[in-house]
Amino acid sequence: QVQLVESGGGLVQPGGSLRLSCAASGSIFRFYTMGWYRQPPGKQRDVVATITSGGSTNYADSVKGRFTISRDNSKNTVYLEMNSLKPDETAVYYCNAALSRANYWGKGTLVTVSS
């Protein structure tokens with residue numbers, strides 16, 4: 001069982017930056033593929049970025065060049081650095097951990113991009 005706790009959300013102006021963190025429980029964090037997803041109000045949840053146990057990353061086209069996912073296995077934490085944020089990126093951002101058939105979600109952190 002893995003527990004995920006997101007933090008770092010909040011209100012940011014358009015063009016601003018935020019860094020989200022996701023702290024995971026468990027001693028085998030380093031084996032999990034970690035991901036960030038987001039769900040705007042009234043819309044479906046979509047993938048933003050993922051990072052494998054080996055450090056390979058993948059991004060949604062809409063965030064390439066602006067967002068960076070990283071992980072610190074010594075701290076059981078995955079990060080999402082978000083720059084040049086846009087109003088339509090207002091959403092609840094969720095952390096995900098996946099390994100084989102296991103799939104875990106955090107409760108999410110709200111990011112509001114507004115002036």
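Assuming charge only on the beta carbon of Lys and Arg (+1) and of Asp and Glu (-1), the dipole of the chain about its Cα centre is about 160 debye to the nearest 20. For residue 75, the aspartates and glutamates whose Cα comes closer than 17 Å to its Cα, not counting residues fewer than 8 places off in the same chain, are 6.
Whole-Hz Karplus values for the range 50-63 come out as 9, 9, 7, 4, x, x, 6, 10, 9, 10, 5, 4, 5, 10 Hz, taken residue by residue from phi with 6.51 cos²θ - 1.76 cosθ + 1.60 and θ = phi - 60°; glycine and proline positions read x. Computed over protein heavy atoms with a 1.4 Å probe, the accessible surface of the chain works out to 54 Å² per residue.
Between residue 112 and residue 11, the modelled label-to-label distance comes to 0.6 nm, taking each label 7 Å out from Cα in the direction of the beta carbon. Ligands, DNA and RNA left out, the accessible area of the chain computed with a 1.4 Å probe is 47% carbon and sulfur.
The values are calculated or read from the model by the stated rules, or taken from the named source; none is laboratory data. Everything numeric in this text was worked out from a predicted model, so none of it was measured. Glycine also receives a Cβ, built like all others from the backbone with ideal geometry; neighbour counts cover every protein chain displayed. Just so you know, the surface numbers come from the protein's heavy atoms only, side chains and all, with ligands and any DNA or RNA stripped out. Shrake-Rupley method; radii C 1.70, N 1.55, O 1.52, S 1.80 Å.
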